[in-house]
Every structure is written in structure tokens, then in C-alpha cells.
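Only one structure is covered here, and it is reproduced in the block below.
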Amino acid sequence: MATRLFTVTTWRFANNGLLAQPDQETGHRSGMTVRYQGGSARLYAKDVEKPVADVRYQMMLTQATKFTRMKWWGDFSSGKELKTLGEFIIEFDDGTRGEIVVFASGAASNKNGRFQYSFNGRGRLGGGSFRSHGKTAEE
């Protein structure tokens, strides 16, 4: 797979939507952190851990707080049309992986030879690899 290209931007929001100010006692900022990340990944069929497609993605992540769980979602494009939508595993170039639910954000379209999809992450992002790690999506 290609070298992972990504941009990370972090925003902090307080309850009123403004940038959070540091707490006077602890010095920590309160509020929610949102990160943006993009690059290359590989999509796997969930049940058989078979590579389905190599994709380019853009993703937003919110970190867990004592009140909320981590959430992650985004979009990806693939040169290969997905025959079925639903649950998949996505594995990023750094080995991080997680379960996603893929859906069409409208009619399936082929822009510039690539098909566009949206996804919602389920649960945590973790490390490790699959038995089929290293295989290409065409194998």
C-alpha cells in the first residue's frame, strides 16, 4: 500500500461552542477534542477477513471523556465498487483497525474512476493484524 498521507487538526470546544479555556486549578482544558485524519487503508469483509478493496479515507474522531465514548466516522473512495454495503473491518497503514458500517451517502457514484462511500466506526480502534494481512485486495 502507498505511504500514509494524513493531516491532523485538533479543535477544542466548550459547552457554549467557544474554545475551551484552561481550568484555573488543574490547567487542563475542558470540552471535546475532534481530530481529522486521512490517508490510505484496506477494507476487509468482516466475517472472513478477506481483503475487499484498497481505499483512500478522510475521518473525524472524538476522544472519549468521562461522559462520552470515542466516536469516529468519515468517507472513503475506492477504485472498486462494493457489491454489498454493511459491516466491514478497516485497517489503516499503521496497523490500526476497527469495525465500520459502510453506507452510500446518496446514489453510488463513480467520480474520476473512484466510488465514494461513507462510514461510521463501531467501538474502539485497535492494533494487530489479520491472517490475510499482506494480501492485496485483488488476490
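Taking the residues in the range 85-107 that are touching a strand residue (DSSP E or B) at 6+ places or on another chain (Cβ under 6 Å) and of a type in the set (Gly, Ala, Ser) as candidates, determine which candidate is modelled with the highest pLDDT. Within the range 85-107, the match that is modelled with the highest pLDDT is Gly98.
When the range 108-119 is filtered for residues that are out of contact with any Ser or Thr (no Cβ under 8 Å at 6 or more places or on another chain), at pLDDT below 95 and in a strand (DSSP E or B), only Asn110 remains. Residues in the range 67-76 that are over 12 Å from Val102 (Cβ atoms) and either touching a Gly at 6+ places or on another chain (Cβ under 8 Å) or not aromatic (Phe, Trp, Tyr) (or both): Thr68, Arg69, Met70, Lys71, Trp72.
The values are calculated or read from the model by the stated rules, or taken from the named source; none is laboratory data. From a predicted model like this one, the values you see are computed outputs, not experimental measurements. Neighbour counts run over all protein chains shown; Cβ positions are idealised from the backbone, glycine included.
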